Every structure is written in C-alpha cells, then in structure tokens.
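Just so it is clear, none of the values below were taken in a lab; they were calculated from the coordinates. On a predicted model such as this, the values are computed, not experimentally measured, just so you know. All Cβ positions, even for glycine, are placed from backbone atoms using ideal geometry, and neighbour counts span all protein chains on display.
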Amino acid sequence: MRESQFQEPNRFFLNMGPQHPSTHGVLLVVLEMDGEYVLDPQPVLGFIHRMHEKMGESRPCQGFMPNTARMDYVCALPYNHGYVSLIERKAGIEVPKRAEYIRVITSELNRVASHLLWLGAYLLDLGAFTPILYGFDDREHILDILEDVTGSRLTYCYYRFGGVYRDIDDKFVEATRAFIKRLRKRYDIYEKLVTKNIIFIKRAENIGIISPDMAIRYGITGPNLRGSGIAYDIRKNEPYSVYPEFDFEVPVGERGDCLDRYMVRVREMEQSLRIVEQALDTLPDGPVRSKVPKKIKLAPGDCNFAVEAARGELSYYLVGDGTSVPYRLKIRVPSYSNLSCLPELGEGILLPDLVSIMGSLDLVIPEIDR
Amino acid sequence: MEIISTLPPELIRMVFAVIIIISFIFLNAIMMGYLERKIAGHVQRRPGPMEVGSHGILQLVVDGVKLVGKELLVPVNVDRTLFRLGPILSFTPVILPLLVIPFSEKLQARDLNLGLLFIVSMTSINVMAILVAGWGSNNKYSMFGAMRAVAQSIAYEIPILLSMLAVVLMANTFSLKEIVGAQQKIWFILLQPLAFIIYIISGVAETNRAPFDLPEAESELTAGFHTEYSGMGFSLFFLGEYTNMFTVASVATVLFLGGWHGPTLPYGEYLGIVWFFLKVYFLLFFMIMIRWTYPRVRFDQLLNFAWKYLVPFSLVNILITAVVIKL
Amino acid sequence: MMGTYEDFKTNVMNLGGDVTETDFHQRGYHLEVVLTVDTVRKFAQTAYDHGFYLVFVTGIHVLPETVEGVKTSGLEMVYQFATFDRLCRVKARVSVPEDMTVPSICHIYQGANWHERETRDFYGIRFSDHPNLEPLLLCEEDKDFHPLLKEEKKLKSFEEVSWPAQRPDMVDIQTETSSDL
C-alpha cells in the first residue's frame, strides 16, 4: 500500500483497475486524488507478467517464435519481424527478396489493423460507442486476409528464419487490393464521425502534451513521439528489411497532444496502405524461404535489432554463446517506455483527461508486462 | 359494487390512471430498450437483437425476466437502508409527472393549474435517488457519479426552467392543457426556436443521457452510481431513466410541438394521442441517435456550457419574449 | 547542447569511457562504450546533452572472475541509447561491483526508473539514489527471487559471450553475409 506523500485530509486513493474498462487490460493505476483532480497516477504493472525473456533463454531460438506474437497481440507481425531479423543478423542468414516483400506487406496490414482497433478503443474511452464497431468491421477484413495466409488471426507465427512460412497467392493479392480500396472509401465516414466531431476535438485538444524533451527523457517512441513533431520512424531512420525501396511519409503532429497523436495514427494508416500498394505492384518472384540449417548456431557476442512496431520502437537485444540457445534475450517494448511517462503527464489533471491520455498512448498491457 | 359507488368518482379515476400509467411505464421501458438496441445496431451497421422472436422483438421481455430473476446482491460495506432506497426513489417519482400530461384533449389524469411546476419538481427528485444510491454504495466511483449528478442537475435545471418560462409567458398559463390549447394555430417551436433548442439540450443532460451521461460514464467511473447494483435494483434505475426520457420528450411536445394537435382524426379528442405519441417518439429517436453518435463531454465542459451559454441565452430569450409580448 | 557524432565520442572518451566503433550491420549498434560505476552518471548526462534517448537498461549474468584480486559480482549492466536526429545507437556496459550497487540514472532519464526497477526484479542489482526501488513486474513476495540469474553450471565467462576481439576471419564472414540483407 502506497503512503500518501501529501498531508492534507482531503486526499484519497482511487484504484483504477485492474478491472477498469479504460485500462485496456489488467493494468492497475493507483491514483492519488483531490476531488476529481488526479495528483499522482502510479501504474502498477506485472499482473500478466510471463517472463518471456527467461523463456527466450531456455530454449533453442526457433522455439521462441510463437512467444513473440504473445506480447503485443494487437500487432504481432512486427514482433515476428524483429525476432527473425535479429536471428538472421546474428547467424548471417540470407532472406529472399520476395519473402522480405511479403513480410513488409503483412506487417503493414497488421499495423493498419492495430491502428483501427486503437481508434475504436480510444473513442470508447471518450464515451463514443460507435467508432469501435466501424473499426472492428474494417479490421475484420484484414484479419480474414491474414488468416488465409498465416493460419491464425491474432497471434501470428508466420515468419521463419530465412523467409516466411508460406507464399502468398493471387487470392491474397486480390483481397488486399480490395481492402485498400474499401478502407480509403471509409476515411470519409471516420472523418465525419470522429475527426470533425466537436466534442471529440474538445476532449483531445491540448490534453496530455508530450514535449520533445519529455520524449527523450522517457524514451517515448512511435506515433506518441511523432505527435510531438519529431519525425522519428525506425522504418526511415534505421531502415531494415526492404522499407528503403518504398516511398512513404512519416506523419508528424505539432503540439504533442492527444489530438496530434490521433491524427498521426490516422495518417499513418494511409501511409501503410501506400507501402502495401507499392509492395504489391513490385512484388518480385522467387522463393520465399532460403535454406537454413536445422540447428542455428548463435555466435558469441551481442546483437541488436530494432523495428517499428505499431506502438513505437521494438528492440530485441541478444547475447549469443555459440549454442543455439540465446544466452540473454532482452526485449525492449515500446509501450513500457510510453506508459512510464504517465506520472508526469497525469499530474494535476481531471480523471476524464487521464482516461483520454491513457487511451491516446495506445497501451497494450501484455506487451508491457511481457 | 356498492363500495365503489360510495367512493368519490375522482378517486376511482385517479386509481385507474395510476394503474394505466404504471403499466405504460413498463411497456415504454421495453419498447425503448428494444428501440435503443435496434437503433444502436443499425447506427453501428449490425442488425441488433435478432434471435428472440421476429427481429428480436421479444428480447427485452426475456431480458426483463432475467433481471427479475437475478439475485439482489448487497455488498458487505454498503449502507443497507440507502442502498435499497436508491432504486425505489428513482422509480417512484417518475410516475407522477405522467398524471398531469395531456396525451390528448380528454386523455389527461388531472389538469393541475400549476402542472408544469409539478412536473419540474417531480423530475428533480430523480437526482436524490442517484445521490442516495451513489452515497449508499460506499464506492468511490459511485460517489463520483453521485457528485457529478448533483452538480449537473443543478446546472441544467435552470436553463430548463427558463426555457419553459418563455413558453409560459406566451401562453400565459402553467396548465399543460391550456398551453397545448394555445398552440391551436401555430406551434411554439416556430415562435421560440431558441427555447426549444435549449430545452432539448438541457433535457438530454437532465436525463443523464450521452453525451451528458457523466454520472454513469462507463469508461471513467465504470458505471458510476449504479456500479454496485444488480438485478431488479439495476433495472429500476433503467426504468427510471427511460421514463424520465419519456417525460422530457412529452413536455417538449406539450410546450413546443403542439401536443395532440395534428391533422384531424375521427374521435379527435381521444385519438389526438396518436399525434402526441408520434411526436414524443420522434424526439426519443433523436435522443437515441445522439447517444450513439457523440463521445462524452468532460465534466467542466458540461458545466461551462450550462452556465456560460445556456443560462445567458435563455435569459436573453425570456427578456426578448417579455418585451415582445408587452409591446 | 547538441553536438556532432565526433563531439559525442570525444566527450565520452574525456570522461573516461572506453569507446569502440562497431559494425552496425553485424551488431545493430554503432558504438560500444565501457564504463565504470563512477562514470555511469556522467555518461548518461553526456548522452542526454547530445539528444540521446534511453532505449533500455538490462543486465547480463556471467561467471564471476577475479580481476586484480577483486572478485566481481558476475553481473554486467547494459544500457542502450539512440537518437532521433541521426542513425546512431550506443551500447554502454558497466561491470556491477561486488556490493551489487550501481548509480541510478533516473534523475537524468526519468524513463530509466522502470527499467532499473525491472533490473532489480530480475537480477537483484541495486541502484543508489533510486527514488522507489520496489518490485515492478514481479510481486512483493518475490522480492528476493531473481529469475534471470543463471544456475552455476549454465554460467559462461564474459569472454565466451562477447564478440571475438579482433579476429578478422570471423568478423569478415559475418559482415559479408549481413551486408547483403
């Protein structure tokens, strides 16, 4: 039990979570309050801690693949991507070009699905019930497309060291193109229903301002950082896979408030669609999986691989010892750092604003707890 | 039979009226529940309830049976008296306003000459119920909901009264029947558009409906004042809410939309109720649509809106009305 | 104060850090800095001044050795920094002394607060001047249980898990394959 740092009699604690609709998972935030004003929100983590890092250190590196999808289950493919790229970098495995294209296409589709889900969930936090069903409607198409090729709908284990599990077919290409067309038509609906909604703007504008300095101090990355006007995207700044071959922009905001973070994510969806379109247009032929030894030896030494997940920078840091079992596997998840700024961001604001801020940070709790 | 004939006919009339109104309240809640879910479904591009009966028309009946059959859970540390009192307080006063509402020229339980004031005073008891429920629940979230409800109710009762006053000034009476009578030629919505808008906005706030559903605010306060309630306790709050909505819409119809007036029907003095209900349910439909479209406002925004915009505008409106009438 | 890449390197060297440039395609970071407990805070301040953000803080458990008569704890702290302005990822390494205490950097990087609490959970490393070194991911009851400490027989010496220093044959093969990616 936390002791109050204030001596005034009117202060009290409010437990927000672990079963609160706005924490999006089993997260507890202990709020020290004065009336409806939040003085000190302190997140309490670890309710669904599974010690993925230990699991990574206790089995051959192939065995950890399914775990990667169980951290951020909303946007699992970039997690797959980071891990396979890490092992490929460490073991010097070549990846066929077509496989890299397929990875980019599926990762970006997954990112769009994640942003759609976030959009709905954020509006649900603000008390609007309808956008989440629109978001789910569109997201469902992506899940169907990905299910056809990966075999699962949420916790993908699609990428393999040296390629992907199986090739995409014409049906996938057609369905993806149809989906891109569909989503572009739906922008209007979202704009009318949400973006131009006066109540929504009033609830998101000038709330939870993240300054660039704050982003540096807390290591905030992803759309939350780009909302503050810093165009930092691992796909651009630290190019991996075949991202340099595509033409896309990194949308940024100006003030760094909730509305900017919202706008950045909405505009990012369009950029992801552009990447998918270009990748489909220039999809090279060839194999989708290279020959990889059954037992992958991880040479001594450490190695890092960073990818841009839907929520920010995802870094895998591996220390090899010459066997196929990683000696140390550290997973740096974006939401962990993004959430850590909450005590500073949520000081002296109203409870509804705290809900708005937490929604705009796009938290996925299993990713934070790992 | 002899006993009945010895009773004053007015008493028998009232007893009948109350019985009819109570049964109507339940019917209205079932219809509203069904309408709400169906409209929400269509707004969200899904069919809504489809399983029980044709197009799910019996869904709410089944839900009602389920709610009645559920255990009344009383948490350990609550104030038992207040906790039980809350739902009853929420449900009982909602019957009374319906007694003075003229559904048609002849369908009115009792025409009070201060009918409008009677309605206002009865509907404001609802906030007591929320306060009692929130306080008695011994839960911080419920307490928040109760506090919000009180502040919200005080803030929005003023613009409601002021917008009503504008109509009263024009009709020169507080009796609802006479107000409707005064709209024989032209509905007051055309003469008092600003008052109508203010009334509808405040009415939505008064009934704690989204986007002003701060006392429940699911995503902030879990469910606010009724977090701890289950079964019938919970459903009494809902009965209260839907009946309050009906009352607000009925008063709007009486004050602004010409009550039972409409194209002439046979037995017009009775069948005017058809027009009355059409208008009421149109307003309710409008309120439901708003709920499923807008996010929730923040508490300070809600109060700012009432004190900074609605109250001054309604005061100006009254002033102008008074001056124009005097001239 | 923002400076160039060279400035940063010089500043870090000036405060006593051992800086090595590494092959990015092979390791995923550009600079490796070896620090001591005395220079950790100064290094963090320099990094902050140059606009670096904290990527993560973690530990590695290796076989304790005896250096100059002093037995080490066998724990290594790893810090990673990167910057928004250019492509530069820095790994900093600190040997944890026998008393298991490392200076906390969370007064410079507030984000390190949670990372350090997590490291305390997993390895039992303590951070001096940390405002609130309570269990974060693990529960209160597991305060003395550190899951990432390895069993004695699984421990490897630090040399066994680091890049072979200057063994050109090995490095060449690695770079050749990975640069094609």
key: Viscosity 1.002 mPa s, temperature 20 °C, Stokes-Einstein D of segment C:5-175 from Kirkwood C-alpha radius, µm²/s   = 126 µm²/s
Cα Rg, Dmax, segment A:186-265, angstrom units = 14.3, 41
ask   = Rounded to the nearest 0.05, what FRET efficiency is calculated for residue A:62 and residue B:79 with R0 set to 60 Å and r the Cβ-Cβ distance?
value = 0.50
inquiry  = Less than 24 Å apart at the alpha-carbon level, and either on another chain or at least 8 residues along: which lysines does that give for residue A:297?
reply    = A:54, A:90, A:97, A:330, C:91, C:150, C:153, C:154, C:156
query = So for segment C:1-98, Kirkwood radius off the Cα pairs, Stokes-Einstein at 37 °C and 0.692 mPa s: how many µm² s⁻¹?
reply = 235 µm²/s
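Please give me the summed charge of the neighbours of residue A:55: other residues whose Cβ is under 12 Å from its Cβ, Lys and Arg +1, Asp and Glu -1.
Values: positive: A:50, A:54, A:59, A:70, A:370; negative: A:53, A:57.
Its environment carries a net charge of +3.
Would you calculate, for chain B, the mean residue ellipticity at 222 nm contributed by helices, counting each DSSP H stretch of 4 or more residues as -39,500 (n - 2.57) and dividing by all residues, to the nearest 500? Walk me through the numbers on the way to the answer.
On the way: 16 runs with 221 residues, N = 327.
Mean residue ellipticity at 222 nm (helix-derived): -21500 deg cm²/dmol.
Taking the Cβ of each residue in B:226, A:141 as the centre, tally the other Cβ atoms inside 10 Å and list the residues starting with the fewest. Mind dumping the intermediate values first?
On the way: B:226 25, A:141 19.
Starting with the residue having the fewest Cβ neighbours, the order is A:141, B:226.
May I ask you to sort A:369, B:111 by Cβ crowding, counting other Cβ atoms within 10 Å and putting the fewest first? Before the final figure, lay out the partial values.
Numbers: A:369 23, B:111 14.
Exposure proxy ranking, most exposed first: B:111, A:369.
Against the empirical 2.2 N^0.38 Å scaling, what ratio does the C-alpha Rg of segment B:1-94 come to?
On the way: Rg = 19.3 Å, N = 94, 2.2 N^0.38 = 12.4 Å.
It is 1.56.
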key: Reach of residue C:143 by Cα under 16 Å, taken over aspartates and glutamates that are not fewer than 8 positions away in the same chain   = C:116, C:118, C:121, C:134
message = Taking just the alpha carbons, could you work out the radius of gyration and Dmax for the protein assembly as shown, both in angstroms?
response = 32.7, 117
task = For chain A, find the longest principal axis of its Cα atoms and tell me its angle to the long axis of helix A:351-360, 0 to 90°, nearest 10.
result = 10 degrees
task = Can you quote the Å³ per residue value for the convex hull of the Cα atoms in segment A:127-253, rounded to an integer?
result = 168 Å³
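Which whole-number percent gives the relative contact order of chain A, counting Cα pairs below 8 Å spaced six or more residues apart?
Working: 702 pairs, mean separation 97.2, N = 370.
After rounding, I find 26 percent.
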task = Among B:126, B:77, B:172, determine the one that fluctuates most according to a GNM of chain B built with springs between C-alpha atoms less than 10 Å apart.
result = B:77
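Report the number of Lys pairs in segment B:71-326 whose alpha-carbons are under 21 Å apart, with separation of 8 or more residues or on distinct chains.
Numbers: B:106/B:177; B:106/B:185; B:106/B:279; B:177/B:185; B:177/B:279; B:185/B:279; B:185/B:326.
For segment B:71-326, qualifying lysine pairs total 7.
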remark   = If each K or R counts +1 and each D or E counts -1, the residues other than residue A:314 whose Cβ falls under 10 Å of its Cβ total -2
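Restricting things to Cα coordinates, could you compute the convex hull volume per residue of chain A in Å³?
Details: hull volume 48.5 nm³, N = 370.
Each residue corresponds to 131 Å³ of Cα convex hull volume.
State the dimensionless ratio Rg/Rh of segment A:245-316 (Rg: radius of gyration of Cα atoms; Rh: Kirkwood radius).
Numbers: Rg = 17.9 Å, Rh = 16.0 Å.
Radius of gyration relative to Kirkwood radius: 1.12.
In what sequence, highest mean first, do A:216-226, A:98-108 appear when ranked by Cβ atoms within 10 angstrom?
Details: A:216-226: 28.2, A:98-108: 25.1.
Ranked by mean Cβ neighbours within 10 Å, highest first: A:216-226, A:98-108.
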query = Taking other Cβ within 10 Å of each residue's Cβ, how do B:164, B:50 sort, fewest first?
reply = B:50, B:164
key: For residues of A:305-316, the mean tally of beta carbons on other chains within 10 Å   = 2
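Please report, to one decimal in angstroms, the Kirkwood hydrodynamic radius of segment B:71-326 built from all distinct Cα-Cα pairs.
For segment B:71-326, the Kirkwood estimate is 18.8 Å.
Which whole-number percent gives the relative contact order of segment C:5-175, counting Cα pairs below 8 Å spaced six or more residues apart? The partial results should precede the final answer.
Numbers: 286 pairs, mean separation 33.3, N = 171.
Relative contact order comes out at 19 percent.
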